[in-house]
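Below is one structure, written out as structure tokens; comments come after it.
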Amino acid sequence: TTRTPEFLGLDRDTGLWEGHNNVDLSLATHDVVIGVLDTGVWPESKSFNDYGMPEIPARWRGECEKGTDFSPSLCNKKLIGARSFSKGFHMASGGSFLRKPEEVVSPRDQDGHGTHTASTAAGSSVANASLLGYASGTARGMATHARVAVYKVCWSTGCFGADILAALDRAILDGVNVLSLSLGGGSAPYYRDTIAIGAFSAIQRGIFVSCSAGNSGPSKASLANVAPWIMTVGAGTLDRDFPAYTLLGNKKRFNGVSLYSGPGMGDKPVGLIYKNRNSSSSNMCLPGSLEPGEVRGKVVICDRGINARVEKGAVVRDAGGIGMILANTAASGEELVADSHLLPAVAVGRRFGDLIRQYALSDPNPTAILSFGGTVLNVRPSPVVAAFSSRGPNLVTPQILKPDVIGPGVNILAAWSEAIGPTGLEKDTRKTQFNIMSGTSMSCPHISGLAALLKSAHPDWSPSAIKSALMTTAYTQDNTKSPLRDAAGGGFSNPWAHGSGHVDPQKALSPGLVYDTSTEEYIAFLCSLDYSIERVKSIVKRPNVTCSRRYSDPGALNYPSFSVVFGRKRVVRYTRELTNVGAAGSVYQVAVSAPSTVKVLVKPTRLLFKNVGDKQRYTVTFSAIQNANRLTGWFGSIEWSNAQHQVKSPVAFSW
Amino acid sequence: TVIAKQTYIVHMKHNDKPLSYATHHDWYSAQLQSLSSSTSDSILYSYTTAFHGFAASLDPEEAESLRQSDSVLDVYEERVYTLH
């Protein structure tokens, strides 16, 4: 990716990752393998160049499988594994041959998504990267020197559970250290959740598992992949934008974004149209909804939603339109997601969208001119929580706060498959080495790559310790020093949207304290869920589980954040354990923030860690002073700090 | 009449495998064969590490029969996931 390394503080100028404990952490990641379950890989991408990579670790048991369009020789010291799993997909397709002629059993990426996510996590540095001139710079993954193993589990009709489980099975045996899954389904009990079950096996073996939270925001309770042993990643914006402008016939100019690259539409006003006379769905620009007779030669306003944004552009183009204004509605608010449409197009937020729609419907002869401003940096405020990023509360276990963190997931440039154009449309015959995409799919591999960096810095840390480090050091103020904002609605965000906050890898490298959760504690958590003992065994895959240890409440798990559900109780009490990963003799003091509806008491208020590795416990008592609105989330925080470290946990309250 | 088959994930009681079967895969195959001779080759995957069980292409009646087995913990339809 371009820009996100700088945005995350991974650029060379800070020197952080090059100087920790006299170890070049960036280089040390060559011992770390990131397994990516996705649509495969385009192995010829420069992002998988293995220049300067040392030999593959002897422990590695993965391989690159031969396919009709994939030779094992395409793998190298960077891309060290490439397998495909298609039996579930094949069966769901009626046992017939794969749907598209080019969709053969092979790890090759025909979609682009897998190449994008794999290169985001661990792509090599590639100079002069851009998408048609946009977002130009040196593209690199978060863990530039980590190895990549791809497991193709997603095909033209989806990602099938049987294939995902087979890939997880194989990846664990192959010896990956980090697993990255930018996919998900609806919520289900953990014993019915393929990813949760497979991920549990992974973390038991010290493998960090990062999953995307989903793109069903801003609806509440829309999260995927919420098991506490998984890092659930939401999405935020970068400080980068691609401005574009709409000048209306009434001389009013509105800002938007665009990745359009082409001759443009000149500087003469052209007709503007919103809604055909005889089609109720023309405002959405669904296929077949636009009358060429009315649209030809005009700029068309399309409401965002229902069908893909790039498809709307293609519908307008096919109907003879020469430009498109893609206008947000209430669901997407002011969030601007840029696409490389095949015709001049500008995406605008809801507020400007409403004004443009109003003008088009009221002016007898509406006109517009679209123009494009390239790439700008240092946008403020940033990050902003993406409107599409899925939100809590966690429906499966409301006592565990999710998502865990947010990372960069809007307008991310990364490597792309040359089997398909940047819009992903079949009629888009352009070939690009990079593409700009948005989604929690894009934020997830950022965190996977950061986990690989932390793993190389702290080889003895458990997956939960790495997760804790990333969570407790995350920040909740944007680059204007204001609380993080939410693109949906434009107001302040909250932990149901951003979890612990936006990751800060520099701080995560040295968190001071971690909430280190053991497998036994996860088992005690599962036993507290009223699952049968057989179901618990099926998740943990241990024959001797008795559930003799269980929590009275699943929220008692030693988790780096809190979700307090009062229900009929007025008092909820949890004990947490912190492990010192900082200096010997560290002393921490607690600071609490709570809403007016809750009293929070922490004992003790001071923790002394005599030695490195020491563990100390504290108890926190949450007392509901009054019943609050059940539909509204209430939030606070508990922070342990000293001069060097701040170890912060968000708290969500519900009734 | 053709009954549509679909993929089911079959969760087995891992430690119930009789010693007479050399591998869990052999045991899973035998479980399916006991339903019908035509189902013995319907296993798509035998999982070893991430999961205790297998994925198989079954019709709803076969899935129901498997559910009745003492060695089977659960049988559920495969879920389809989407890219984010």
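The values are calculated or read from the model by the stated rules, or taken from the named source; none is laboratory data. Please read all numbers here as calculations on a predicted model, not as lab measurements. Heads up, the Cβs are rebuilt from the backbone with ideal geometry, glycines too, and the neighbour counts pull from every protein chain shown.
Against the definition (touching a residue at least 60 places away in the same chain (Cβ under 8 Å), in a strand (DSSP E or B) and not basic (K, R)), how does A:G234 come out, yes or no? Write out each step before concluding.
Details: touching a residue at least 60 places away in the same chain (Cβ under 8 Å): yes; in a strand (DSSP E or B): yes; not basic (K, R): yes.
So A:G234 passes the test.
Here is a list: B:A22, B:A56, B:A30. Which entry is under 26 Å from A:F200 (Cβ atoms) and of a type in the set (G, A, S)? Break it down into steps so the answer makes sense when it comes.
Numbers: B:A22 fails: under 26 Å from A:F200 (Cβ atoms); B:A30 fails: under 26 Å from A:F200 (Cβ atoms).
Selected residue: B:A56, the only one of B:A22, B:A56, B:A30 that is under 26 Å from A:F200 (Cβ atoms) and of a type in the set (G, A, S).
Is there a residue being assigned to a loop (DSSP other than H, G, I, E, B), β-branched (V, I, T) and either surrounded by 22 or more Cβ atoms within 10 Å (Cβ to Cβ) or more than 14 Å from chain B (Cβ to nearest Cβ) (or both) anywhere in region A:437-447? Please lay out each step first, then the result.
Within region A:437-447, the subset assigned to a loop (DSSP other than H, G, I, E, B) is A:438-439.
Those still in the list that are β-branched (V, I, T) too: none.
So far as region A:437-447 goes, no, none of its residues is assigned to a loop (DSSP other than H, G, I, E, B), β-branched (V, I, T) and either surrounded by 22 or more Cβ atoms within 10 Å (Cβ to Cβ) or more than 14 Å from chain B (Cβ to nearest Cβ) (or both).
Any idea how many residues of region A:151-178 are at the interface with another protein chain (Cβ under 7 Å from one of its Cβ atoms) and either over 20 Å from the mean Cα position of the chain (by Cα) or among the acidic types (D, E) (or both)?
Quick first cut of region A:151-178, residues at the interface with another protein chain (Cβ under 7 Å from one of its Cβ atoms) only: A:154, A:158-162, A:164-166, A:168-169, A:172-173.
Imposing the further condition that a residue be either over 20 Å from the mean Cα position of the chain (by Cα) or among the acidic types (D, E) (or both) reduces the set to A:160-162, A:165-166, A:169, A:172-173.
Residues in region A:151-178 being at the interface with another protein chain (Cβ under 7 Å from one of its Cβ atoms) and either over 20 Å from the mean Cα position of the chain (by Cα) or among the acidic types (D, E) (or both): 8 in total.
With respect to A:H458, determine if the residue is crowded, with 23+ Cβ neighbours inside 10 Å and either farther than 30 Å from A:N558 by Cβ or not aliphatic (A, V, I, L, M) (or both). Before the answer, list the steps.
Numbers: crowded, with 23+ Cβ neighbours inside 10 Å: no; either farther than 30 Å from A:N558 by Cβ or not aliphatic (A, V, I, L, M) (or both): yes.
Answer is no for this residue.
Has region A:225-246 got any residue that is surrounded by fewer than 24 Cβ atoms within 10 Å (Cβ to Cβ) and at pLDDT below 95?
No: zero hits.
Of these, A:P422, A:P381, which one is surrounded by 20 or more Cβ atoms within 10 Å (Cβ to Cβ), touching a residue at least 12 places away in the same chain (Cβ under 8 Å) and part of a loop (DSSP other than H, G, I, E, B)?
On the way: A:P381 fails: surrounded by 20 or more Cβ atoms within 10 Å (Cβ to Cβ).
Every option except A:P422 fails the conditions.
Please determine whether any residue of region A:628-636 is assigned to a strand (DSSP E or B), in contact with a Ser or Thr (Cβ under 8 Å, 6 or more places away or on another chain), buried (at least 17 other Cβ atoms within 10 Å of the Cβ) and in contact (Cβ under 8 Å) with a residue 60 or more places away in the chain.
Step one: of region A:628-636, the residues assigned to a strand (DSSP E or B) are A:634-636.
Next, from what is left, pick out any that are in contact with a Ser or Thr (Cβ under 8 Å, 6 or more places away or on another chain): A:634, A:636.
Keeping just the survivors that are buried (at least 17 other Cβ atoms within 10 Å of the Cβ) gives A:634, A:636.
The next check asks that each one be in contact (Cβ under 8 Å) with a residue 60 or more places away in the chain; those that pass are none.
No, region A:628-636 contains no residue that is assigned to a strand (DSSP E or B), in contact with a Ser or Thr (Cβ under 8 Å, 6 or more places away or on another chain), buried (at least 17 other Cβ atoms within 10 Å of the Cβ) and in contact (Cβ under 8 Å) with a residue 60 or more places away in the chain.
From A:L223, A:L165, which residue is under 28 Å from B:T7 (Cβ atoms) and part of a helix (DSSP H, G or I)? Explain how you work it out, then say what you get.
Details: A:L223 fails: part of a helix (DSSP H, G or I).
Going through A:L223, A:L165 in turn, just one is under 28 Å from B:T7 (Cβ atoms) and part of a helix (DSSP H, G or I): A:L165.
With respect to the numbered conditions (1) within 16 Å of the chain's Cα centre (by Cα); (2) at positive phi, which one is the sole condition not fulfilled by A:N378?
A:N378 satisfies all of (1) within 16 Å of the chain's Cα centre (by Cα); (2) at positive phi except (1).
Quick check: anything in region A:118-136 in a loop (DSSP other than H, G, I, E, B) and either among the basic types (K, R) or closer than 18 Å to B:T82 by Cβ (or both)? Talk me through it step by step, then tell me what you get.
Let us first name the residues in region A:118-136 that are in a loop (DSSP other than H, G, I, E, B), namely A:123-125, A:132-133.
Now drop any that are not either among the basic types (K, R) or closer than 18 Å to B:T82 by Cβ (or both), which leaves none.
Looking for residues that are in a loop (DSSP other than H, G, I, E, B) and either among the basic types (K, R) or closer than 18 Å to B:T82 by Cβ (or both), one finds none in region A:118-136, hence no.
Where in region B:4-84 are the strands (runs of 3 or more DSSP E), entirely inside, with at least 2 residues that are at positive phi and more than 7 Å from every other protein chain (Cβ to nearest Cβ)? Before the answer, list the steps.
Details: elements: B:6-12, B:43-47, B:53-58, B:72-77, B:80-83.
It comes to none.
Here is a check on your reading of the model: is A:A199 without any contact (Cβ under 8 Å) to a residue 40 or more places away in the chain and within 12 Å of chain B (Cβ to nearest Cβ)?
On the way: without any contact (Cβ under 8 Å) to a residue 40 or more places away in the chain: yes; within 12 Å of chain B (Cβ to nearest Cβ): yes.
Taking the combined requirement at face value, the residue satisfies it.
On the given criteria, is A:L181 over 26 Å from A:K431 (Cβ atoms), facing chain B (nearest Cβ under 8 Å) and not hydroxyl-bearing (S, T, Y)?
Working: over 26 Å from A:K431 (Cβ atoms): yes; facing chain B (nearest Cβ under 8 Å): no; not hydroxyl-bearing (S, T, Y): yes.
No.
Quick check on this structure: which one of A:A235, A:A221, A:A244 is within 14 Å of chain B (Cβ to nearest Cβ) and either under 30 Å from A:L336 (Cβ atoms) or within 19 Å of the chain's Cα centre (by Cα) (or both)?
Values: A:A221 fails: within 14 Å of chain B (Cβ to nearest Cβ); A:A244 fails: within 14 Å of chain B (Cβ to nearest Cβ).
Going through A:A235, A:A221, A:A244 in turn, the sole match is A:A235.
For region A:403-419, what are the residues that are more than 14 Å from chain B (Cβ to nearest Cβ) and part of a loop (DSSP other than H, G, I, E, B)?
Selection gives A:D404, A:N411, A:W416, A:E418, A:A419.
Within region A:79-97, is even one residue in contact with an Asp or Glu (Cβ under 7 Å, 6 or more places away or on another chain), within 14 Å of chain B (Cβ to nearest Cβ) and free of Cβ contacts under 8 Å to residues at least 60 places away in the same chain? Talk me through it step by step, then tell me what you get.
To start, the set of residues in region A:79-97 that are in contact with an Asp or Glu (Cβ under 7 Å, 6 or more places away or on another chain) comprises A:81-89.
Then drop every residue that is not within 14 Å of chain B (Cβ to nearest Cβ), which leaves A:83-89.
Retained after the next criterion (residues that are free of Cβ contacts under 8 Å to residues at least 60 places away in the same chain): none.
No: region A:79-97 contains no residue that is in contact with an Asp or Glu (Cβ under 7 Å, 6 or more places away or on another chain), within 14 Å of chain B (Cβ to nearest Cβ) and free of Cβ contacts under 8 Å to residues at least 60 places away in the same chain.
Which fully enclosed helices (runs of 4 or more DSSP H) of region A:491-577 have 1 or more residues being surrounded by fewer than 19 Cβ atoms within 10 Å (Cβ to Cβ) and more than 25 Å from the chain's Cα centre (by Cα)?
On the way: elements: A:495-498, A:505-508, A:519-527, A:533-540.
Because the criterion is at least 1 residues that are surrounded by fewer than 19 Cβ atoms within 10 Å (Cβ to Cβ) and more than 25 Å from the chain's Cα centre (by Cα), the helices (runs of 4 or more DSSP H) in region A:491-577 that meet it are A:519-527, A:533-540.
What's the total number of residues in region A:376-394 that are under 18 Å from A:G256 (Cα atoms) and charged (D, E, K, R)?
Residues flagged as under 18 Å from A:G256 (Cα atoms) and charged (D, E, K, R) within region A:376-394 amount to 1.
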